[in-house]
Amino acid sequence: MGLRAYLLVDVVDNMGPADFAKATQELEAIPEVDLVNPVIGSHDIVVMVDTSTTVEAVASQIQHQGWVKNMEILRIESLSERHRTSP
């Protein structure tokens, strides 16, 4: 296991169903992407990544897709790491 994160992706407003399906396929084709789930709520797609490089590198690759409107990164950390860094 490398560096892991969830990416919360918002797509452009004018994206139709076929384009949305193509976007999810593009995400699934990225080697560092483990999971792609369309969601209903404040975001459109949740992407789980696991990379040996940096989460930012994968996020940047996704962010540069023309259909991405906005993205938020949630890094996954172990409970022991969180415990050590908590005050």
- Query: Tally Lys and Arg at +1 and Asp and Glu at -1 over the other residues with C-beta under 13 Å from the C-beta of Gly41: what net charge comes out?
  - Reply: -3
- Item | For the chain, calculated [θ]222 nm from helices alone, where every DSSP H run of n ≥ 4 adds -39500 (n - 2.57) | -9000 deg cm²/dmol
- Item | Cβ-based net charge around Gly66, under 15 Å, with every Lys or Arg adding one and every Asp or Glu removing one | -3
- Residues with beta-carbon under 12 Å from that of Val9, excluding Val9: net charge, scoring Lys, Arg +1 and Asp, Glu -1? -3
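Please give the FRET efficiency for Asn70 paired with Ala21, using the beta carbon to beta carbon distance and R0 = 22 Å, rounded to the nearest 0.05.
Details: r = 20 Å, r/R0 = 0.91.
According to the calculation, E is roughly 0.65.
Bear in mind these aren't lab numbers, they're just calculated from the coordinates by the rules spelled out. None of the values given here were measured: they were computed from a predicted structure. Using ideal geometry, Cβ is built from the backbone for each residue, glycine included, and neighbour counts are taken over all protein chains shown.
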